[in-house]
Amino acid sequence: MPRKRGLMAPPPSFIWTRRIVLTALSVFALVPVYVMVSSSLKPLQDVTSTFRWIPSPLTVTPYRDIWYTVPLARYFLNSLIVSSAAAAASVAVAVFAAYAVSRYGFRGKRIFTTAVLSTQMFPGILFALPLFLIFVSIGNATGIPLYGSRGGLIITYLTFSLPFAIWMLTSYFESVPKALDEAALVDGCGPVRALFRVVIPAALPGIIAVTIYAFMTAWGEVLFASVMTNNTTRTLAVGLADYSTQNNVYWNQIMAASLVVSVPVVAGFLLMQRYLVAGLTSGAVK
Amino acid sequence: MRIIRVSAVAAAATAVLALAACGGGTSTGSGGGNTTSTTLTYWASNQGASLQTDYSVLNPELAKFKQQTGITVKLQVVGWADLLNRILAATTSGQGPDVVNIGNTWSASLQATGAFLPFSSSNFSQVGGESKFLTSAVGSTGAAGQPPAAVPLYSLAYGLYYNKALFTAAGITSPPATWDQLVADGKKVTHGGTYGLAVEGASIPENIHNVFVLAKQKGASFFDSAGNPTFTTPGDVAAVQQWVNFMGSDHIVNPGDAQYAQNQSLSDFAKGKAAMLLWQAAGTTLKADGMAPGAYGVAPVPVESGIPSASNPDSMVAGINVAVFKDSKNHAAALKFVNFMTSQSEQIKINGEYGSIPPVKSALSNSAFSTAEETVLRNVLSTSAVALPQVPKESQFETAVGTAVKNLFADAASGKPVSAATVKAQLSSAQQQMQG
Amino acid sequence: MTVSLRRDAPPAGSGAGRGRGPAPQPRSVRLLNKIKKGGLPYLFLLPALLLELLVHFVPMIFGILISFKQLTLFFIRNWTGAPWAGFGNYHLVVDVHGAVGSALLHSFFVTCAFTVLAVGLSWLFGTVAAILTQDTFRGRAALRTIFLTPFALPVYASVIIWAFMFQYNNGLVNELLHNVLGITSRPSFWLIGHNSFFALVIISIWRNWPFAFLCVMAGLQGIPRDLYEASAIDGAGIWQQIRRITMPSLRAVHQVLVLVLFLWTFNDFTTPFVLFGASAPSPADVVSVHIYQASFINWNFGEGSAMSVLMLIFLLLVTAAYLLGTSRRRGENA
């Protein structure tokens, strides 16, 4: 007779493996974060000398200085606006596209999905300058300011996350049984209302996962932000580089600023986690 | 399918529009007409401790300019990480500022793009004429034989900073004047964790600036008179080898310096971990790192032998130039602004704030530039500084050779010998990259 | 995947007993309906299509065009006037005997090695962590948050902090390896020399494995519990369950995840750029920074574009091969 424990309880070997591996991974994930935190609490001279685990003296001046050395509040706001708008718009567009791909058969579907996938391979360098030129000419021709404006950046970022978003959402939508759609259609809904009434609620966790992905893509992008923004519209990702000036690299302020701007993002993650994991039932499996 | 066709047409239209509208801006030629209620856009480079410092230094001067001429200047301070990219974007699209600061070593490259207004004699006369400026500074404003693409705004030169206490402790009474003396002094100071000299081994500009001057001291140059790269001449090879061997065979440089590219060498100097430093106007940074001005001295950079002079240089001409975009719609106003920024009073004020040296002769003698540090640098700039090559491929040269030196420092740091052959091999491959 | 919703046919069983169905509509209305029905998916796709064209495809075509021109700094102001170089740029970058070509080839190999190593380990860490945190145990939620934190930090800051830790004299890594643990006899260089490759790999893994963790974790939710219970009744131990149930069920997730990670890592510009600046040390000279140097630093956009196009072709081939190779299994699961 096997030892009396629950049928599904893992054996000690598994539990120990789990403990060791997860601890190692936690250390790997957290040590740099700790270095960030401790460096943000040191005066500049201490940061550049021998590394010490505990800051002494401990100072919070970096947290005050970060707002003055660089217009951090403005960069933060810009990043927030651009990333949120890009994420929302990207998901909105992707939802419709994914609905079409997962619910309809139509000519050119194969081409569309392949083309969408292929954009993941485009090296950013290749089309950074041409895209910039196109924005400038649209601006010249129509008066809509795309270059140097948040709008242009939003359009760029939303398109960057679009392929993956469509891909993933198609998977999630396909896992929503078509019977649900058809029931709604029987009740007299048009396809759009079926989308909103049935499919979206059922695939909500997937939608949230994709929104997070789109947001993070926009939040961290550096190359296009550096070319396409001016001082008013600059985002955080490139703005942090301004702590490295002609004379000095303000390491402690860079760390403090990074922590400050990450707090809302991590908080958002925490809140979203529930939706992210709980209901991603058979999400990407198909 | 109809919808796809419609969108294809829209896409084609966009493409045609882009093709037609982009490339070459809408140049309105010189002369901007009415300047009384004009607005200029000015991109300034970061010269101060932070971007905000630059705004607080420059905005009062811009207000002064408006008072005098009625022209409003909209200021944007651009960090160095972005400045060249933004200038590139402005050049390509024709949409950019009216006036911009550039690193003076970029002058010849940017000149070749045709983006800047050339300072022909008539334009030059609107800002005071060529004789208003230091000859060495003007030498770094564009290719020889062509009108300059920019005029000097702030200037700097390299000096040898040395730690007085460490020198006294090692029995060194005066700073070295030749390289041999520098190595000897360095060896006297090097023991334990203290080293003779601190260098930024992974910094492309620092490597280039130093090896170029070393080569010039040996009578060699990295380019011939026609502007072709000649990286493998004996003088060039010897210069690079000498520079890297401060770490490699002389052992007066900490091997860790091979990774430095973020001004860590200044921090080491400030903390007394290195006794000497070759830098441009390090005073402000050293103070921020906790070193009092009395703790260090400044001397001219050593030479091979003899006295520094124009033909025996001990520094490159460092500095910032100011240029006017050809696509600007306000050439006259822009030139007025340049004239203002290079006027004696402004030069004294702004260079005083930034700790740089005015390239305008009439401002040089002002007492603001008579501190010990500034006097040395001023003299170097006026008498023994040489401009980096004024060729269109200058930035390519910096990247290619700078990276070669960086790689050699990496070898030296890990104990590999740096011989003339290895140096020549690296320089040769750097030169081949220039043909691309 | 090719289900067409038929909307104009009356649903089965609904009109029973009500007499005839709805009156036949006039021809024009029927035609309009037909167009609307046939055109609806296209309408849904339209925004995505327009955006992709504007931001991805049209600039790409320009980029490819540029690769056939000699777009150097002399012509940058009026790029339409730049002379056509035919395949000149391509000849230059492919010629492995020349400096440019051999540097590119070296960079290409470095990038392949980097990508395979970084993606492999990221995938491994992510999968292992996801499987190990599948069961509820105390502290699981906290662990999940910890694991996702690197993903939330700005890239610039993450790379800078690692650069900081990799410093020769005062860096944490050397401090640990050399002073505390005594593994190495002297402090090592991490940002220059051979180790720079591994520094880049470590940073890439640190940033990317949380994403793998996230995706696999999501995928694990889709495996029905009864499979595990049934196998437990049959006497399967946990390792067997992992091998026989968990991994096969995750196949589709893995396929997508590995491909996406591969493409992103191969094209990753931000990490090496922030770590090394515009010129990376030779052992860590990845293609994205290499191309940036050719285009933005050397102002030779024709050459940079040619290099990018070659990379694009390579990635297309790899992706096609990968998808073909794994599509059999996907067909089984569909």
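The values are calculated or read from the model by the stated rules, or taken from the named source; none is laboratory data. As the structure is a prediction and not an experimental result, all values here were calculated from the model. Cβ atoms come from the backbone with ideal geometry, glycine included; neighbour counts cover every protein chain shown. Heavy atoms of the whole protein, side chains included, go into the accessibility calculation; ligands, DNA and RNA do not. Shrake-Rupley method; radii C 1.70, N 1.55, O 1.52, S 1.80 Å.
A probe of 1.4 angstrom, applied to the heavy atoms of all protein chains, finds B:Lys188 with accessible area near 110 square angstrom.
Give me the inter-chain shielding for B:40-50: mean count of other chain Cβ atoms within 10 Å, whole number please. List each step's numbers first, then the result.
Details: counts 0, 1, 0, 2, 0, 1, 5, 3, 3, 6, 12.
Across B:40-50, the average partner-chain Cβ count within 10 Å equals 3.
Annotation for the stretch C:191-213 versus the stretch A:115-186: alpha-carbon center distance of 29 Å.
Each Lys or Arg adds one and each Asp or Glu takes one away; over the other residues whose Cβ falls under 15 Å from the Cβ of C:Arg243, this sums to +1. The interface between chain B and chain A buries about 3000 Å² of solvent-accessible area in total (1.4 Å probe, ligands and nucleic acids excluded). Going from the isolated chain to the complete set of protein chains, the stretch A:32-54 loses at least 50 Å² of heavy-atom accessible area (1.4 Å probe) at A:Pro32, A:Met36, A:Gln45, A:Thr48, A:Phe51. Only protein atoms count toward the accessible area here, which uses a 1.4 Å probe; on the protein assembly as shown, the carbon and sulfur part of that area reaches 62 percent.
Heavy-atom accessible surface of chain C, averaged per residue, reaches 44 Å², computed with a 1.4 Å probe.
What quantity of accessible surface, computed with a 1.4 Å probe and excluding non-protein components, is buried in total between chains A and C, in Å² to the nearest 100? The contact between C and A buries close to 9600 Å². What percent do you get for the relative contact order of chain C when only Cα pairs under 8 Å and 6+ apart count? Normalised by residue count, the contact order of chain C is 24 percent.
Cross-link partners for B:Lys164 among the lysines, with Cα-Cα distance under 23 Å and sequence neighbours closer than 8 places in the same chain left out: B:Lys187, B:Lys188, B:Lys271, B:Lys273, B:Lys287.
The interface between chain B and chain C buries about 3800 Å² of solvent-accessible area in total (1.4 Å probe, ligands and nucleic acids excluded). Heavy-atom accessible surface of chain A, averaged per residue, reaches 38 Å², computed with a 1.4 Å probe.
Annotation: amide H of B:Trp279 within the under-5 Å range of B:Gly159, B:Tyr161, sequence separation 5 or more or interchain, hydrogens built in the peptide plane.
Solvent-accessible surface of the stretch B:338-411, taken per residue with a 1.4 Å probe and all protein chains present: 29 Å². To the nearest ten degrees, helix B:420-434 and the longest principal axis of the Cα atoms of chain B are 0 degrees apart.
Using the crude model of +1 on Lys and Arg Cβ and -1 on Asp and Glu Cβ, and no other charge, please compute the dipole size for chain B relative to its Cα centre, in debye to 20. Write down the numbers at each step before the final one.
Values: 25 positive and 25 negative charges, 174 e Å.
Taking the Cα centre of chain B as origin, the dipole is about 840 debye.
Solvent-accessible area of B:Lys216, all protein chains in place: 60 Å² (probe radius 1.4 Å, heavy atoms, ligands and nucleic acids excluded). By the gyration tensor of its Cα atoms, with a ≥ b ≥ c the square roots of the eigenvalues, what is the shape of the stretch C:84-333: rounded for a/c under 1.5, prolate for a/b over b/c, or oblate? Note, shape of the stretch C:84-333 comes out oblate. Taking other residues whose beta carbon is less than 12 angstrom from the beta carbon of C:Ser231, and scoring Lys, Arg as +1 and Asp, Glu as -1, yields 0. Net charge in the neighbourhood of B:Pro205 (other residues with Cβ under 14 Å of its Cβ; Lys, Arg +1, Asp, Glu -1) is -3. May I ask you to list the lysines whose Cα is less than 20 Å away from that of B:Lys336, ignoring any residue fewer than eight positions away on the same chain? Here the lysines satisfying the reach criterion relative to B:Lys336 are B:Lys64, B:Lys66, B:Lys74, B:Lys132, B:Lys326, B:Lys349, B:Lys361. Taking the longest Cα principal axis of chain B as reference, the axis of helix B:179-189 is set at about 60 degrees.
Candidates C:Gly219, C:Ser102, A:Asn140 compared by Cα position along the dipole of the protein assembly as shown: farthest toward the positive end lies C:Gly219, with charges placed on Cβ. A simple rule links phi to the HN-Hα coupling: the Karplus curve 6.51 cos²θ - 1.76 cosθ + 1.60 with θ = phi - 60°, which for the stretch B:143-150 gives 5, 5, x, 10, x, x, 8, 7 Hz, with x for Gly and Pro. Of all DSSP bridge pairs formed entirely within the protein assembly as shown, close to 60 percent run antiparallel. Bridgeable aspartates and glutamates around B:Lys218 (alpha carbons under 13 Å apart, same-chain partners fewer than 8 residues away excluded): B:Asp236, B:Glu304, B:Asp314.
Relative to the isolated chain, which residues of the stretch C:95-120 have their accessible area cut by 40 Å² or more in the presence of all protein chains (1.4 Å probe, heavy atoms, no ligands or nucleic acids)? Those are C:Ala99, which lose 40 Å² or more relative to the chain on its own. At R0 = 41 Å, how high is the FRET efficiency between A:Ala115 and C:Arg244 if r is their beta carbon distance? Nearest 0.05 is fine. Taking R0 as 41 Å, the efficiency between A:Ala115 and C:Arg244 is 0.60.
The mean count of C-beta atoms from other chains within 10 Å of the C-beta of residues in C:267-280, rounded to a whole number, is 4. Note on chain A: GNM, Cα springs under 10 Å; of A:Ala97, A:Ala218, A:Ala87, the largest mean-square fluctuation is that of A:Ala97. Given the options A:Ser118, A:Ser258, A:Ser149, state which has the largest fluctuation in a GNM of chain A using a 10 Å cut-off (strictly under) for Cα springs. Result: A:Ser118 has the largest fluctuation of those listed. The stretch C:73-133 and the stretch B:129-171 have Cα centres lying 39 Å from one another.
Measuring only protein heavy atoms, the 1.4 Å probe finds A:Trp219 accessible over about 10 Å². Run the paramagnetic zone check for B:Gln181: 7 angstrom along Cα to Cβ, then residues of the stretch B:264-296 with backbone nitrogen under 16 Å. It comes to B:276-277, nothing else.
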